[in-house]
Amino acid sequence: MAVNVEVESNNSENSVSLVRRFSRRVLEAGILPRVKKRRYQQRPASKLSKKKKALKVIAKRAMYEKLAKLGKNVPKKKKGRRR
């Protein structure tokens, strides 16, 4: 939903009041809250990428189980980077 906000300057209007009037129109139109909401929104993952990710998880789990059965040293999962 695109909303265009236009402000035309009057004859004796200075630039500061023109900017103030423009910003007021933008606030009234509700553009900024909508843009801030969508700022970090991510697209949903496609079915193909979900399947690939699931297959990787299954393969990794099978590898860990195989190593555990063979009595090999199973590497521990890292919990992430500490800051």
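Listed cross-link partners 52/76; 52/77; 47/76; 50/79; 51/78 are compared with a 27 Å cut-off, the Cα-Cα value being larger for 47/76.
Each helix, a run of at least 4 DSSP H residues, gives -39500 (n - 2.57); summed and divided by the residues of the chain, these come to -18500 deg cm²/dmol at 222 nm.
Two numbers describe the Cα atoms of the chain: Rg and Dmax, which are 27.7, 86 Å. Applying both filters, DSSP loop and at most 13 other Cβ atoms within 10 Å, to the chymotrypsin sites (Phe, Trp or Tyr not before Pro) of the range 8-83 gives 40. Between residue 4 and residue 46, full extension at 0.36 nm per residue minus the direct alpha carbon distance yields a gain of 11.9 nm.
FYI, it's all coordinate maths here, none of it is from the lab. Predicted, not measured: the structure shown is a model, and the values here were computed from it. Methodologically, a virtual Cβ is constructed for each residue, glycine included, from the backbone with ideal geometry; neighbour enumeration extends over all protein chains shown.
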